[in-house]
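J.: Before we start, here is the structure in question, set down as structure tokens.
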Amino acid sequence: MSRTHRLLWITALLLALTACAPQTIHITLEPAPAAATSAQADGASPQHDAKSTLPDTAATVEEGSAPPDAQPTGQGGYGGEQIPYADLVASAEKASGLFTVYHIAENQWYWEIPSALLGQDLLWYTELTKAPSSFFNGLGVVAEKMVEFGRINDRIVIYEMSSVLSKRGTDEEETAINRAVAESAQPAVLLSLPIVAESPSGDAVLDVSMLFANDLPDFSVSNLFFGNFIADPERSFVQKIQVFENNVAITSLLTSGGDMSGGYSEFSDFFGPPPGSVSVEIRHNLTLLPLEPMMPRSFDPRVGYFTVSYEDFSGTRERDVVARELITRYRLEKKHPTAALSEPVAPIVFYISREVPDQWRSYIKQGVEDWQPAFAAAGFKNAIIAKDAPSEAAQPDWDPADTRYSVIRWVAQSIANAIGPSTVDPRSGEIISAHIQLYAELIELIEQWYFVQASAADETARTFPLPDETIGAALRYVVAHEVGHTLGLRHNHRASQAYTVEQLRDPAFTAEHGVGASIMSYGRFNYVAQPGDGVTNLIPALGPYDLFAIHWGYAPIEDAFTPEDEFAQLDEWAAQQIDNPWLAFGGEDLPSWVDPTVLTENIGAERIEATRLGLQNLERVLDYLVQATTQPGHDFQQLTKTYYTLLDQRALWLSSVIKLVGGVEERRTLAGRGDKQFQRVSGERQRAAVQFVLANLETQPHYIPAAILDQFEPIDATGGFAFYQQLLLTELLDPLRYQQLVDGEVLNPTDAYPLVEFLYDVQVGLFSEFEAETVHVDPLRRGLQRSYLAILQGQLLNGETDLVNTDIRAAIRWNLTQLQSQLAAVAADKLELATQVHLADLQAEIEQILQPAREQRPTRMDVTQ
């Protein structure tokens, strides 16, 4: 495999692991319960209410639209003194809403901050809205902070309120606690701006021209770049400011790099600095948070929700200061509170942005509204709706980056991904809005995955391009997954292992239940079903966990007015997991590192059997790969991509089997609910996993066919397969696995897989050629055997410090001594020259590794120096 292919594979894994969670913000004191907000208008109205109903259109001031007769003032006004208010407003174009914005000639922008806005909670949300098409990270959230305007003498300051007082309690005890926190917690000053003019009523006017023509440190686009983005003031501008009643959106064009004053610094050596100049569009949104926060719902680790966290100083439950978490969710309230099923006061509305291709719109809408049954189970009818964005003629000021709207956008960038970030009120966990982004290369990615994983069972998918109906259905699944994130749900990677192999091969079962117990997993498509099984429903859909999780997070609880009032009912709901494993949650936290029931890119409860069936299908795909991916007169690019996608899948499935070795299965529970949380994988299952992996670490001719590789790889043609084999071996010999095996020996001695035995089994399997009558080691196996010695040598050098609590040093020496004896015995036989040379080399390497003189074995200090 070329270096480029390997880097692409690593990059793909990094992207897959990128979390979609909103930013966790720390606030103090428990937020007070809030009354319901007012109803909202339909159409393009926002999805939450603050102090008043927002208008359907915005007052917008764009660069170049103001009269040219005013003089520029700069940051400090005329000579540092205030400008006469009447002179400033007379020559400016004005837009009013949350506050008033004035625009004068050239790049002069002013904010008039009403005194009533000082001290109010606002959410400052910054988003990258345009970037170079080759930008590695894509678009997305840059920063999100709760802020507050304040006045100190002749300056307006903007405080970050994310880590200080936010509870507006009226109870005498709460007021005392608030006062104590306020007197000890100092909010950070993010910005300080001189007041350049004052209105007759005393409202402060600020010059923000230079402010938003720069990359602000606390809202810096550098957060998405591999290095510092340094805006060049000569090539950076405020493009427009849109003013709404409850929010203000500022759009800026920032340029860095090239031969000008802006540039990049401290870029990652791995990716290197981008060539020449780079311009991006960035949008800041200031949104007034609801006057009354939504009543929060406390987090429970048994149900996978994103959270905001805070420190509880009240001492009502514990005497010390306690870190607590609230789940993130939309504000949903029934129109008819006593009805079992009621429409919400304000539904969750997702707008399909104008740039989304028409051919995919219907599938995207379906992906949104697939969540309606889940909300119906929680008591809400038509709770989530998808709509086309209003046309430019009907509403020219509608903007997908406006935090009043939840939108799904289509991003024309060569990134194979989709993300679902949301903006959240940190006081309560209320989701204000969400901006799902679908990147253009996503279509190619799901086409590749579906072909490799499902075409063996789906004959209609055996030729590129795949039918639009198939791609659309797969896109619907991706959209539903991302919508789930915006509703507050984290990944549930246990859910893709919920169904048995027998169930996944059953047409009736899969027609009713799909591929996994949750669409929030990375189960992908049904690769377990075999040709002839008759399974036609191969694409994931919402499962029982999704309905359970939405009910747990959104269903109203009668007579509950505080989070504490909800505790007993929420605990009872969560405890359903004990009797129904389809409702179990396993996320991306510490136990998932060693839990073989929490996996990505895998389906099926029986790890070895599911992988065996998947590999059978991959071999079938290889038989028609050239025919499926090539056309007369065209190149072999599709063949190349698909071949490496296939090798990726093989490695991911075998990796899931390796996770059984030293594995610990979690039964997530809380005190008084269920039995012990952790159960170690039996020794028998671990041994079976090792034997299965070792059999697949033998050279597999089916995966390196000349008929395929001779079409596109003139150099290192078998390097791709060899790379993955070595990667799997390295994973099998992971020091963390050694420690897990030792833990098993101590904690479960009657059913353990001792470390010494494990390493012996691995060595016997890697040198299984010695069992044959005539010893022949093929070139790829020779490389794998050399890798084995190199891995052990590296671990032995560091064994005294890193692995002192395991028997690995003793196991390595004993096993290598055994191997040395075997090599000596085999070498006496008649061998082909290549194998004879290889075995002689192994003998020399083992001799060097086992060299007893300490000077031949550097200490850890020697290595680091």
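J.: With unit charges on the beta carbons (Lys and Arg positive, Asp and Glu negative) and the dipole taken about the Cα centre of segment 746-833, which residue among L833, Y760, W814 sits farthest to the positive side?
T.: L833
J.: Tally Lys/Arg at +1 and Asp/Glu at -1 over every other residue whose Cβ is under 14 Å from the Cβ of L128; what's the total?
T.: Taking every other residue near L128 into account, the sum is -1.
J.: Mind checking the log10 I(q)/I(0) for segment 284-417 at q = 0.10 Å⁻¹? Debye, one equal scatterer per Cα, no solvent, two decimals.
T.: -0.50
J.: Please report, in whole Å, how far the alpha carbons of segment 554-617 spread along each principal axis, starting with the longest.
T.: Reported extents, whole Å, longest axis first: 56, 23, 18.
J.: Counting other Cβ atoms within 10 Å, which GluC sites (Glu not before Pro) in segment 720-797 have at most 15 and lie in a DSSP loop?
T.: E773
J.: Here's something else I'd like to know. Give me the net charge for the shell around D571: Cβ to Cβ below 13 angstrom, other residues only, Lys and Arg +1, Asp and Glu -1.
T.: Local net charge: -2.
J.: Something else now. Is the shape of segment 402-552 rounded, prolate or oblate, going by the alpha carbon gyration tensor and its root eigenvalues a ≥ b ≥ c, with a/c under 1.5 for rounded and a/b larger than b/c for prolate?
T.: oblate
J.: Continuing with the same structure: What's the Cα-based Rg to Rh of segment 575-690, Rh via Kirkwood?
T.: Answer for segment 575-690: 1.13.
J.: Related question: Compute the distance from the alpha-carbon center of segment 529-563 to that of segment 737-803, in whole Å.
T.: Distance between centres, Cα-based: 42 Å.
J.: Label T750 and S362 with points 7 Å out from Cα along Cα→Cβ: what is the distance between them in nm?
T.: That separation, rounded to one decimal, is 6.1 nm.
J.: Now a separate question. At a probe radius of 1.4 Å, what is the per-residue accessible area of V742, in Å² to the nearest 10?
T.: Its heavy atoms expose roughly 20 Å² to the probe.
J.: Among the lysines, which fall within straight-line cross-link reach of K145, defined as a Cα-Cα distance under 24 Å, with same-chain neighbours fewer than 8 residues apart omitted?
T.: K51, K130, K167, K240
J.: Return the FRET efficiency for the residue pair D571, E684: r is the Cβ-Cβ distance, R0 is 30 Å, and the value is rounded to the nearest 0.05.
T.: 0.25
J.: How much of F561 can a 1.4 Å solvent probe reach, expressed as accessible area in Å² and rounded to 10?
T.: Surface open to solvent at F561 totals about 130 Å².
J.: Amide H to amide H under 5 Å from F678: which residues, 5+ apart in sequence or cross-chain, H placed 1.01 Å off N in plane?
T.: For F678, the qualifying residues are R667.
J.: Amide H to amide H under 5 Å from N492: which residues, 5+ apart in sequence or cross-chain, H placed 1.01 Å off N in plane?
T.: M520, S521
J.: In nm, what is the difference between 0.36 nm times the number of residues separating S115 and Q82 and their Cα-Cα distance?
T.: Answer, rounded to one decimal: 10.1 nm.
J.: When all C-alpha to C-alpha distances in segment 625-776 are sorted into bins of 5 Å, what percent of pairs does each bin hold, rounded to whole numbers?
T.: Distribution as computed: 1, 8, 15, 16, 14, 12, 10, 8, 7, 5, 3, 1, 0, 0 percent.
J.: What does the charge count around R462 come to, taking other residues whose C-beta lies under 12 Å from its C-beta (Lys +1, Arg +1, Asp -1, Glu -1)?
T.: -2
J.: Let me ask something else. Carbon and sulfur together cover what percent of the accessible area of segment 607-734 at a 1.4 Å probe radius?
T.: Summing carbon and sulfur atoms, their accessible area is 51 percent of the total for segment 607-734.
J.: Then there's this: If a paramagnetic tag sat 7 Å from the Cα of E606 along the Cα-Cβ line, which residues of segment 525-547 would have the backbone N under 11 Å from that point?
T.: No residues fall inside that zone.
J.: Are there any chymotrypsin sites (Phe, Trp or Tyr not before Pro) in segment 640-698 that are in a DSSP loop and have at most 11 other Cβ atoms within 10 Å? List them by number.
T.: In loop regions of segment 640-698 (DSSP not H, G, I, E or B), there are no sparsely surrounded chymotrypsin sites (Phe, Trp or Tyr not before Pro).
J.: What accessible surface, in Å², does a 1.4 Å probe find on T307, ignoring ligands, DNA and RNA and rounding to the nearest 10?
T.: The accessible area of T307 comes to roughly 20 Å².
The values are calculated or read from the model by the stated rules, or taken from the named source; none is laboratory data. In this text the structure is predicted, and so the values were computed from the model without any measurement. As a convention, Cβ positions derive from the backbone with ideal geometry for all residues, glycine included, and neighbour counts pool all protein chains shown. Ligands, DNA and RNA are stripped out before the accessible areas are found, and what is left, the full protein with its side chains, is counted by its heavy atoms. Shrake-Rupley method; radii C 1.70, N 1.55, O 1.52, S 1.80 Å.
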